Amino acid sequence: MMKIKALPDVPRWAVLAAHAVPLVTLPSGLWRLALVAGLPVTQDAELGTMSFGESVYVVSLSVVSELLAFLTLGLVRSWGEVFPRWMPFLGGRRVNPKAATGAAFAGVAGLCSIVAWGVYASIADLGPGIPASPAQDALLIVCYTPLLAWPVLVAAVAASYYRRRTSAGRGQGQGRGQYGAGRPAASSWV
């Protein structure tokens, strides 16, 4: 069985959820890359109707969304507790749990608003639509439906992170969420 890297005090479900986030964003990114490559994911794709600027935007959207998804791993790994040494000005300093959790929940709010807008735009029939065959529509749905899990997974992992790193997790007197008291150095968790 493959070993998944995480801190020793992180619940297994949170580790699995954090590792699932980049996987749920991957199909939509691959669909967008296929669109840019001119593969027949829509009826317009083979016509090459995308300008260079649109292509750069679509590829950038895929890359940025995947990078943001990978940030969720910081909530279960050592670089979510102590900034890596290579980071200028912050390297070696502790990550503020409230700031990290706030950023995660701001991301959840943003994702929820994007989903809400997408549902509204679809119901209200806003925009030009994407001309596609039934098979292409099915592929689009299969590739974009996993994104609905993204905000749910991030919210669950962020709540676990907050509980583990703040006073809610230290109530047992074990010094959880802090270095010292018999815990291994952050470098051994990488």
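Where a number appears in this text, it was derived from the coordinates with a stated rule and is not lab data. Worth saying up front: this structure is predicted, and the values here are computed from it rather than measured. Glycine also receives a Cβ, built like all others from the backbone with ideal geometry; neighbour counts cover every protein chain displayed.
Computed quantities for the displayed model
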item: Label-point separation in nm, VAL115 to GLU66, each point 7 Å along Cα→Cβ; result: 2.3
item: Residue-by-residue Karplus 3J(HN,Hα) for the stretch 103-108, coefficients 6.51, -1.76, 1.60, Hz, glycine and proline x; result: 5, 5, 6, 5, x, 4
item: Rotationally averaged projected area of the stretch 1-133 (alpha carbon convex hull; nm²); result: 11.7
item: Other-chain or far-sequence residues with amide H under 5 Å of MET50's (modelled H); result: none
item: For the stretch 41-114, convex hull of alpha carbons as volume per residue, Å³; result: 144
item: Spacing of the two label points (7 Å from each Cα toward its C-beta) at VAL59 and SER167, in nm; result: 5.1
item: For the stretch 3-42, alpha-carbon Rg relative to the globular expectation (2.2 N^0.38 Å, N residues); result: 1.74
